[in-house]
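Input: a single structure, listed below in structure tokens.
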Amino acid sequence: MIISATLLIIGLTALVSYEGIKRPYWREGFLFNPFEISKGNHLWGLITHSWFHADYQHLLFNMFSLFMLGGRLEQTWSLSFGDSKGIVMYVTLYLVGGLAATMIPYVRHRYNSGYRSLGASGAVSAVVFAMILWEPELPLGLLFIPIPIPAYIFGPLYLLFEYLAMKRGNTGIANDGHISGALFGILFVLLLAPNKAIDFIHIFLS
């Protein structure tokens, strides 16, 4: 019996986040700090930030999204590519997606000594957009859209919302990290199955 990678990620993230919420002074050393990273310090924050959350609401939302869409993508890839390869690809998407989510924020905030970020939102965004590209007609209803709509409509609306929020600034949310993670999820699928881009465009324009 193969244990779900999604459930393992959720369990580990919940455990680490719980400890971090209880001990914010300890958590501080694991956050994404582009200013310090630009000086060659705290490089581990590029990875470890994804395992911590600011509060239980933040944790619950990210893990619920991962459970719903990540679980589906993990199962889909396991069926398409075989259990071992499918799970390896899925875990790679999630882990590297968390790293990729720091790319745009790093460029924008590397001179800001007061900037910190944490949370799995960027990694989850990579999974969500991989799922959107893989199944464009999948009904989705997350965040600001309570009524499910097709994934091929949800994706562009989500990116537009995040971009406008990023430009407005002072949201208290790493919108640029969400965008960065989402773009990586798209790129990952295009490298894995380039035909998915053609399928998406065809459905979007039809």
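Readers should treat all values here as calculations from the given coordinates under stated rules, not as data from a laboratory. Here the structure is a predicted model, which means the values were calculated and not measured. Here Cβ is always computed from backbone atoms with ideal geometry, including for glycine, and neighbour counts include all displayed protein chains.
Phi-derived couplings, Karplus 6.51 cos²θ - 1.76 cosθ + 1.60 at θ = phi - 60°, listed residue by residue for the stretch 133-141: 6, 6, 10, x, 9, 5, x, 10, x Hz, with x used for Gly and Pro.
Okay, helix-only estimate at 222 nm for the chain: each DSSP H run of n ≥ 4 adds -39500 (n - 2.57), divide by all residues, round to 500 deg cm²/dmol; what do you get? Write out the running numbers ahead of the final one.
On the way: 12 runs with 138 residues, N = 206.
One gets -20500 deg cm²/dmol as the mean residue ellipticity at 222 nm.
Counting other beta carbons within 10 Å of each residue's own, what order do SER78, SER117 fall into, fewest first?
On the way: SER78 19, SER117 22.
Fewest-to-most Cβ neighbours within 10 Å comes out as SER78, SER117.
Name the aspartates and glutamates eligible as straight-distance cross-link partners of LYS196: C-alpha to C-alpha under 15 Å, and not fewer than 8 places from it in the same chain. Candidates past the 8-residue exclusion: GLU135, GLU137.
State the percent of C-alpha pairs, over all pairs in the stretch 117-196, separated by a distance greater than 16 angstrom. Roughly 51 percent, rounded to a whole number.
In this entry, the chain is assigned a mean projected area of 12.0 nm², taken as a quarter of its C-alpha convex hull surface.
Which order results if HIS42, HIS202, HIS178 are arranged by neighbouring Cβ count within 10 Å, fewest first?
Values: HIS42 18, HIS202 11, HIS178 29.
Final ranking by Cβ density, sparse to dense: HIS202, HIS42, HIS178.
Arranged from highest to lowest average of other beta-carbon atoms within 10 Å per residue, in what order do the peptides 43-55, 9-21 appear?
43-55, 9-21
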